[in-house]
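Quick notes on the structure that follows.
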Amino acid sequence: ESRDGKPVFVGIARTSDVERYLAGVPYTTVNDIDVDPFSADYERHSGHRHPVSPENAGIWVDSSQGTGKQTINPKLDDGDYSVVVMNADGSLGVDADVSAGAKIPFLDELAWSAIGSGAFALILGIGLIAAALPYIFFKWKNWL
């Protein structure tokens, strides 16, 4: 979402296509993000060329542009992809709030499997303790 009211472009494309699109254009890459406390590692790339209008680049798997919140929901194949956030007119100085998320299809099944395995281990452990209690009680009684 643009913070200065200018139309913003958000797109995702194969990294090789993005690198060709931005060749010779000044831009900044976010290389790493830490969340607690928040910090980001940026890398500046120099250049003197103005990029082709992003909507006419023809490289995007999914894209959106305009004022206000822009959202993309791409269906991606295997490979390396890059997300690009820029002013819709390609001008320098994008000022935007960015948030990202991902849907991992097997995560629900993995979580339910972990809960089921944990419940099974808990029940088994309680059963083993219950089975051992008479033996432990009998041994303690003989020690007294």
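The values are calculated or read from the model by the stated rules, or taken from the named source; none is laboratory data. Keep in mind that this is a model prediction, so the values were computed, not measured. As a convention, Cβ positions derive from the backbone with ideal geometry for all residues, glycine included, and neighbour counts pool all protein chains shown. Surface accessibility is based on the protein's heavy atoms, side chains included, excluding ligands, DNA and RNA. Shrake-Rupley method; radii C 1.70, N 1.55, O 1.52, S 1.80 Å.
So here's what we get for this one:
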{"quantity": "Tilt relative to the chain, helix 107-143 - C-alpha long axis, 0 to 90 degrees, to 10", "calculated": "20 degrees"}
{"quantity": "Summed side-chain charge close to A57 - residues other than A57 whose Cβ falls under 15 Å, Lys, Arg +1, Asp, Glu -1", "calculated": "-2"}
{"quantity": "Inter-probe distance in nm under a simple model that places probes 7 Å from Cα toward Cβ, at E55 and F106", "calculated": "4.0 nm"}
{"quantity": "Portion, in percent, of the accessible area of region 62-144 that falls on carbon or sulfur, probe 1.4 Å", "calculated": "65 percent"}
{"quantity": "Estimated [θ] at 222 nm from DSSP helical runs (n ≥ 4, -39500 (n - 2.57)) normalised by residues in the chain, nearest 500", "calculated": "-10500 deg cm²/dmol"}
{"quantity": "Relative contact order (%) - the chain, alpha-carbon pairs under 8 angstrom, separation at least six", "calculated": "32 percent"}
